[in-house]
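*Asks:* Quick one: this structure, given as structure tokens, is what I'll be asking you about.
Read-outs throughout are calculated quantities, based only on the coordinates presented, and are distinct from any laboratory measurement. The structure displayed is predicted, hence computed values, not measured ones. Note that each Cβ is placed from the backbone with ideal geometry, even for glycine, and that neighbours are counted across all protein chains shown.
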Amino acid sequence: MNGSNPPENPPSRRTGTMYCRQRNLYLLNGQLIIGAHVDDLLGIAPTESDLDQAEKSAQNHIKLEKRGKPLRMLGIELTWKKDEVILIQQALVESMSKKFLQNPTKRSLLLDVLNYEAKTLDDPPTDQKQYKLLIGELLFIRRMTRSEISLHINLLGRRVTNPSERNLRTALQVLPYLMSTAPEGIIIKKPKEAKLSLEIYADASYGGEGARSQTGILMTLGNQPVGWYSRRQNIVALSITDAKYIADCEGAKDAAWEEQFLRELHRSLEPTILKTDSKGAYNLSQTSKFPRRSRHIEH
């Protein structure tokens, strides 16, 4: 649907409408969710009749053009089925391959990207503008539908200020992989339970560039992926247990934000579960003691 911009002030409580200014979302009577992007509106409701009723009510205030279920939105292609929707970015991947690759081919994702830091004196600089454009588009794909390239894009994104030819060649290796897996994406299924379960998967590597470890987070809601990222930690961990503990802390903060957001949408939740593969980090979170090797971490 196309419509006018969101109002400057939230609607009154009497209308049963909540406007989340930071997220460009409307919540009507705890049932209908409307996402706004410029003059495009995306309405989500339990039934078609709820959407029709909201549309008739809105027509009294703004002019709307109903377009049905979106097939493409913000570079994402949507395939609708009975109880699920599939999100992919095949068209965007193909467009990027034609733009950046002379002879687009399909291949698996090479782990050479992890050696991006290696740089020799004979490694000349590359076009910074082209490198920034490539990383920016890869970052958008990573954020929307392709969680598996999160680590690679985070590492390569650290070189946008002074990229080399090696950095560019390594970044271009990601495109053939995306070409070979372009039809793949995210499947969002209709939840069967009334209460949704929020689960956070947290992990970390030990060491890395500048001796700082890497955190990886995956968030699922009702067994559906809703958020993910790979990020370098802000402090130096002195052990793998410390690195995993820091990652668990980041996951807990993400869980708190997600819970607050879902409460604003009037959604019922099961107790949130934070999953980690480190027994040491788990034990550290359960004790009130301060072991010598972890005194620098606030418990």
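*Asks:* Set the Förster radius R0 to 25 Å, insert the Cβ-Cβ distance between S239 and S288 as r into 1/(1 + (r/R0)^6), and round the FRET efficiency to 0.05.
*Replies:* Details: r = 20 Å, r/R0 = 0.78.
Here the calculated transfer efficiency is 0.80.
*Asks:* Explain nothing, just compute: Karplus ³J(HN,Hα) = 6.51 cos²θ - 1.76 cosθ + 1.60, θ = phi - 60°, for every residue of the range 225-234 in order, whole Hz, x for Gly and Pro.
*Replies:* Residue by residue, the range 225-234 yields x, 10, x, 6, 6, 10, 8, 6, 6, 7 Hz.
*Asks:* Can you tell me which of 39-50, 238-249, 157-168 comes out highest on packing, and rank the rest after it, using the mean Cβ neighbours within 10 Å? Write down the numbers at each step before the final one.
*Replies:* Working: 39-50: 13.3, 238-249: 21.3, 157-168: 17.3.
The packing order, highest mean first, is 238-249, 157-168, 39-50.
*Asks:* Using modelled amide H (1.01 Å from N, peptide plane; none on Pro or chain starts), what sits under 5 Å from the amide H of S213, excluding residues fewer than 5 places away?
*Replies:* G207, Q233, A237
*Asks:* With θ taken as phi - 60° and the coefficients 6.51, -1.76 and 1.60, list the Karplus ³J(HN,Hα) couplings across the range 159-166 in order, rounded to whole Hz; mark glycine and proline as x.
*Replies:* 10, 5, 7, 8, x, 10, 4, 5
*Asks:* What residues have an amide H closer than 5 Å to that of S197, excluding those fewer than 5 places away on the same chain, when H is modeled at 1.01 Å from N in the peptide plane?
*Replies:* Correct list: G222, N223, E270.
*Asks:* Among L168, S147, G216, whose Cα lies farthest out toward the positive end of the dipole of the range 143-299, if unit charges sit on the beta carbon of Lys, Arg (+1) and Asp, Glu (-1)?
*Replies:* L168
*Asks:* Which residues does the label zone of R232 cover in the range 146-165, counting backbone N under 16 Å from a point 7 Å along Cα→Cβ?
*Replies:* From the range 146-165, the list is 151-164.
*Asks:* Run the reach check for K81 against lysines, Cα to Cα strictly under 21 Å, same-chain hits fewer than 8 apart removed. What comes back?
*Replies:* Once the sequence-local lysines are set aside, what remains near K81 is K66, K69, K189, K190, K192.
*Asks:* Continuing with the same structure: At a 10 Å Cβ-Cβ cut-off, how would you order Y206, Y131, fewest neighbours first?
*Replies:* Y206, Y131
*Asks:* Would you please calculate the Kirkwood hydrodynamic radius of the range 165-299 over all C-alpha pairs and express it in Å, rounded to one decimal?
*Replies:* 17.1
*Asks:* Step through the residues of the range 69-78 one at a time and calculate ³J(HN,Hα) from phi using the Karplus curve (6.51 cos²θ - 1.76 cosθ + 1.60, θ = phi - 60°), rounding each to whole Hz and writing x for Gly and Pro.
*Replies:* 3J(HN,Hα) across the range 69-78, in whole Hz: 5, x, 9, 8, 8, 6, x, 10, 9, 10.
*Asks:* Still on this structure, I have one more. Assuming 0.36 nm per residue, please report the length gained on full extension of the stretch W257 to K132 beyond their Cα-Cα distance.
*Replies:* Gain on stretching W257 to K132: 42.0 nm.
*Asks:* Further, regarding this structure: Just how large is the dipole of the range 152-299 about the Cα centre, in debye to the nearest 20, putting +1 at every Lys and Arg Cβ and -1 at every Asp and Glu Cβ? Walk me through the intermediate numbers first.
*Replies:* Working: 21 positive and 16 negative charges, 63 e Å.
In total the dipole reaches around 300 debye.
*Asks:* Can you list the residues, at least 5 places off or on another chain, whose amide H is less than 5 Å from the amide H of S164, using H built in the peptide plane?
*Replies:* Amide H neighbours of S164: T126.
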